[in-house]
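Bear in mind these aren't lab numbers, they're just calculated from the coordinates by the rules spelled out. Everything numeric in this text was worked out from a predicted model, so none of it was measured. All Cβ positions, even for glycine, are placed from backbone atoms using ideal geometry, and neighbour counts span all protein chains on display.
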Amino acid sequence: MQKSQIIAIAAGLVLVIALYNLPKAIINKTDKEKLGSNQAELPQKAILNNKKISEKDLKEITELRKLYNNSKDIKKYANFADSLAKKFVSLALFDSAASYADKLVLSHRGDYMCLKTAGNIYFTIYSSISDPSKANPFAEKAREFYQSYLKSDSLNLTIRNNMAMTYVVSNTPMEAIMELRKILVVEPQNVQAQTNLGLLAMQSGQYDKAVNRFKTLVETDNNNWNAKYYLALSLIETGKKQDAKELLKDISEHSSDLNLMADAKNTLSTID
């Protein structure tokens with residue numbers, strides 16, 4: 001597996017395969033002017049990196065904006081902001097997505113649910129960018145909102161896992177490992193933290209450590225197909241190709257995830 005792929009996995013898509021990540025393009029200035037403003041009317045035809053945004057997408061964005069602007073309930077308001085942001089992320093309009101996270105926090109200062117939603121929006125953007133230098137500003141914002149949120153919910157291990165992974169593209173990547181280890185002190189069998197540590201081991205080329213992490217996950221839950229796939233990849237790198245083949249065959253025949261099955265079959269076909 002290419003190192004760039006492993007970085008993309010480690011950057012946040014922890015329990016899914018990074019091959020099916022969202023688009024990585026960055027919005028240009030013209031696109032920001034067309035779609036970045038909450039108040040502006042959507043154009044009849046929007047262009048994304050010389051590619052038209054479909055009428056279906058424009059209609060969905062318009063409808064979500066109406067719901068967002070007219071919502072009086074803070075929970076619904078946050079949900080619509082999150083839906084809009086995710087839609088913009090799917091179109092690689094990352095700045096437009098981020099604007100909804102910022103507006104959410106500014107309009108509801110001090111509300112912890114909004115801080116959590118804003119952090120998740122920035123984390124989704126961060127997870128969708130494979131270039132670490134471009135991803136880092138979004139990771140920093142995610143971490144900022146998560147840290148504020150955790151003041152009210154310090155035992156939210158999902159958020160703590162996400163926050164830990166924002167350090168991967170920072171100047172102090174070891175912080176990611178330190179934070180994940182703290183989670184395992186609280187909950188030794190935390191699947192997300194174990195998976196993240198395994199992915200980071202893969203990223204750094206420490207495949208023996210990755211094997212141990214993923215093997216533990218598989219022994220705990222034989223239906224953890226993602227862990228089996230990462231274990232197979234790590235076993236290939238450590239020279240244990242026959243063991244990897246058996247795992248990949250198991251995944252390709254029994255996993256309910258069609259994308260994962262296809263990945264397993266493709267990887268299996270490349271092993272000598």
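Determine the shape class of region 74-204: with a ≥ b ≥ c the square roots of the Cα gyration tensor eigenvalues, call it rounded for a/c under 1.5, and otherwise prolate if a/b is greater than b/c, oblate otherwise.
On the way: a/c = 2.12, a/b = 1.36, b/c = 1.56.
Since a/c reaches 1.5 but b/c is at least a/b, the shape of region 74-204 is classed as oblate.
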For 177, 129, 121, ascending order of other Cβ atoms within 10 Å (fewest first) is 177, 129, 121
Could you give each residue of region 185-196 its phi-based ³J(HN,Hα) in whole Hz, using Karplus coefficients 6.51, -1.76, 1.60 with θ = phi - 60°, and x for Gly or Pro?
5, 6, 9, x, 9, 4, 5, 5, 5, 4, 5, 4
Taking the alpha-carbon centre of each part, the distance from region 243-268 to region 77-126 in Å is 35
Proximal lysine pairs, region 61-149, alpha carbons under 17 Å, eight or more residues apart or interchain
20
